[in-house]
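Please treat every number below as a calculation from the coordinates, not as lab data. As the structure is a computational prediction, the values presented were derived from the model and not from experiment. Here Cβ is always computed from backbone atoms with ideal geometry, including for glycine, and neighbour counts include all displayed protein chains.
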Amino acid sequence: MLQFDSVQKHYGTFLALDIPSLSIANGVYWLQGENGSGKSTFLKMIGGLHPFAGNISLNGCSIKKNRVSFLQQVNYAEAETLYPLFLTAKDLVQLYCYTKKSTEQKALVLLEQLHIIDAYQKPVGSYSSGMLKKLSIALAFIGNPKWILLDEPLITVDAEAVAVICSLVNRLHSEEDISFIITSHQPFKTGQLGISQTLSAAHQTIIMNHA
Amino acid sequence: MHRSALTILQRVLVNHFYKVNAGFFLFFFFVLFGVVKGGQLIDYHLSLIQGMIESFVFLGCVILIWFLYTIKCVNHITKQLTEPRHRFLITLNTLSSKEQYLYMLFVHIQVYMPVLVYALIVAFIAASQHLFGAMWAVLISNLVMILFSAGIYRRYLQRNVNEGFLKKISGKPFFPKPLFSIPLWFIQKERTPMLLITKFFTLLLLYGFINLYEPDTPDIRPILLIMMLVVVAHAAIILQIRFYEEERLVFTKNLPVPIIKKFIGLLLMYLLLLLPELIFIWKGFALHFQLTDLPQILLLTVSMPAFFHSILLMKDIDNESYYRILFVICALLFFVILYNPGIVLPTVILLAAFALYQSHLNDFEKNMNSIAKPQ
């Protein structure tokens with residue numbers, strides 16, 4: 001379970017997010033909200049990319065007190081990740097496998113399913129935006145995470161890749177109990193993704209939408 | 001040539017060049033004009049120029065520096081010409097090839113101006129002393145570099161090549177790239193002129209010091225002061241590395257790497273960056289320092305850039321305040337080193353660097369509005 005206690009995120013003097021208390025049980029969550037409502041900020045705080053006031057913990061493990069252990073359990077794919085242009089997908093996969101304690105083989109299978117295995121040894125500077133998106137998603141599945149955060153995973157990728165990503169999310173949740181928070185402006189096709197519940201980002205906070 | 005087109009090129013390409021290289025020019029301005037007293041400034045430069053026009057080896061070195069600066073200009077402008085936001089410049093393709101060349105010549109002369117003015121003074125003094133060999137060497141080398149550069153810009157403008165000059169001519173990567181080494185790859189691939197100029201300057205500094213200064217007994221203090229200057233000469237590179245971390249390596253914040261490991265990586269990175277200088281000072285072994293002094297030199301050379309790097313993690317540090325803080329630190333270190341505090345000084349710097357690093361690394365948030373974006 002992800003637990004948020006007195007979490008506040010400021011940009012300068014502007015209060016972007018204020019989450020007094022929120023618990024998110026395991027599941028697949030669709031985080032909805034308008035542009036600028038704080039969806040990406042929310043994911044970046046959990047993913048360790050943004051500093052914030054308060055505390056976020058995962059099954060009692062606090063990101064503030066035990067950052068390494070927390071990040072072993074939380075993987076994150078940004079909406080638009082910028083990688084060093086001269087690195088190859090192989091360099092990045094090896095880096096993620098080393099730090100997230102995983103093997104290259106699992107990532108290779110996913111890259112093959114997403115049809116970017118041919119560019120594995122090419123610098124990411126030569127990738128299209130769709131290929132970069134697929135790579136960032138593949139990197140988010142490396143290791144043994146308990147939660148995977150996907151920020152706009154469906155933009156710029158082709159329909160076939162969307163199907164691969166959705167089926168992977170469903171399988172990992174049902175078989176390995178991995179939880180997901182996914183932001184998307186595009187609605188999912190009926191039955192494509194086994195959404196447990198939705199979250200809303202609005203009025204500078206995040207709330208759980210009860211069915 | 002149309003005035004409005006010249007104004008746009010001036011704003012888009014030339015002004016941007018000087019803005020992102022403000023630190024670089026500040027450093028060279030200090031080296032060329034700040035190291036001597038105001039009254040001796042003209043004599044200093046006249047004797048420097050005299051040395052150039054009388055020695056072809058010296059002149060060759062100076063022309064090499066001008067060439068490196070030309071590469072820096074060409075790399076910057078070609079990169080800007082390939083930027084999506086500058087695609088509107090393709091409209092210049094409606095002009096004749098000759099006109100395009102003249103516009104690009106205008107751009108290059110503007111960015112090359114600091115060298116051009118100095119080179120013309122050198123040529124004038126050479127001519128006034130009837131040293132026509134040196135004069136023609138200066139004029140022809142500069143003319144060739146200027147004309148070729150403008151030609152390269154025109155080629156980029158016409159063909160809409162989608163990558164910068166240096167990136168295009170550099171090869172594919174062959175080596176594995178551990179996390180700590182990625183910023184070095186970036187510097188080597190995308191900031192090549194800056195790296196070459198810095199290395200040329202620091203190695204020249206070390207060469208001059210070791211060959212010209214001969215103490216009666218080995219004294220660690222002068223070599224520590226020189227190594228401090230060597231590190232300070234890398235200040236612009238350190239700034240580039242920090243900017244790059246926030247621009248392209250943000251994703252690594254999600255990687256579960258212990259902070260101590262990241263800090264060791266930082267030290268390794270700066271050790272690799274300064275390895276040429278550390279190897280070079282062996283030339284001064286026995287005359288300038290003993291084997292027992294080596295840990296002190298090594299630790300100072302690595303801990304100082306790590307400290308400068310950690311300063312850039314603090315909030316509200318912009319280019320100007322960064323260089324100002326560096327200046328104050330160096331002024332303080334200058335006096336501390338004179339008292340020969342031994343291994344204590346680099347150890348304190350190292351501990352201060354780690355304290356800053358671990359308290360600010362995860363709290364740092366990109367706020368680079370005040371820092372000029374590197375090219």
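Just checking the listed ones, B:A306, B:A286, B:A150: in the Gaussian network model of chain B with Cα springs under 10 Å, the one fluctuating most is B:A286. Return the inverse of the average 1/r over all pairs of distinct C-alpha atoms in the protein assembly as shown, which is the Kirkwood hydrodynamic radius, in Å to one decimal. Mean inverse Cα-Cα distance, inverted, gives 27.0 Å. With the cut-off at 31 Å, tell me which of the pairs B:K261/B:K283; A:K65/A:K122; A:K64/B:K79; A:K39/A:K100; A:K101/B:K199 have Cα atoms farther apart than that. Where the Cα-Cα span goes over 31 Å, the pairs concerned are B:K261/B:K283; A:K65/A:K122; A:K64/B:K79; A:K101/B:K199. Amide H contacts for A:Q32 (H built 1.01 Å from N in the peptide plane; partners 5 or more residues away or on another chain; cut-off under 5 Å): A:L199, A:S200, A:A201. When chain B is described by a simple charge dipole with +1 on each Lys and Arg Cβ and -1 on each Asp and Glu Cβ, the residue from B:V14, B:Q50, B:A236 located farthest towards its positive end is B:V14. Before rounding to the nearest 500, sum -39500 (n - 2.57) across all DSSP H runs of length at least 4 in chain B and divide by the residue total; then give [θ] at 222 nm in deg cm²/dmol. My calculation for chain B gives -23000 deg cm²/dmol from helical runs alone.
Here the Gaussian network model covers chain B, with springs between Cα atoms less than 10 Å apart; of B:R155, B:R11, B:R221, B:R11 fluctuates the most.
Phi angles across region B:181-189 convert, under the Karplus curve 6.51 cos²θ - 1.76 cosθ + 1.60 with θ = phi - 60°, into 3J(HN,Hα) values of 8, 4, x, 5, 4, 4, 4, 5, 8 Hz, Gly and Pro given as x.
Separation of the alpha carbons by more than 26 angstrom is noted, of A:K106/A:K134; A:K146/B:K189; A:K90/B:K19; B:K177/B:K315; A:K90/B:K72; B:K262/B:K315, for A:K146/B:K189; A:K90/B:K19; B:K177/B:K315; A:K90/B:K72.
Using the Karplus relation 6.51 cos²θ - 1.76 cosθ + 1.60 with θ = phi - 60°, the per-residue 3J(HN,Hα) values for region A:53-65 come to 9, x, 9, 10, 10, 10, 6, x, 8, 8, 5, 6, 8 Hz, with x marking Gly and Pro.
How crowded by other chains is A:5-12, given as the mean number of beta carbons from other chains within 10 Å of each beta carbon?
The per-residue average across the peptide is 1.
Residue exposure proxy: B:D293, B:D216, B:D363, ordered by other Cβ atoms within 10 angstrom of their Cβ from fewest to most, comes out as B:D216, B:D363, B:D293.
The HN-Hα couplings worked out from phi for region B:138-154 by the Karplus form 6.51 cos²θ - 1.76 cosθ + 1.60 (θ = phi - 60°) are 5, 5, 5, 4, 5, 4, 4, 4, 5, 5, 5, 4, 4, x, 5, 4, 4 Hz, whole numbers, x standing for Gly and Pro. Taking amide H as placed 1.01 Å from N in the peptide plane, A:T205 has its amide H under 5 Å from the amide H of A:D18, each at least 5 places away in sequence or on another chain.
Sorted largest first, the spans of the alpha carbon positions of chain B along the three principal axes are 65, 58, 40 Å. Sorting A:S136, A:S57 by the number of Cβ atoms found within 10 Å of their own Cβ, with the fewest placed first, yields A:S57, A:S136.
Note on A:D158, B:D316, A:D91: ascending count of other Cβ atoms within 10 Å places them as B:D316, A:D158, A:D91, the fewest first. Over chain A, the pair-distance histogram of Cα-Cα distances with 10 Å bins from zero comes to 8, 35, 37, 18, 2 percent, rounded to whole numbers. Summing charges over all other residues whose Cβ lies under 15 Å from the Cβ of A:N35, with Lys and Arg as +1 and Asp and Glu as -1, gives -3.
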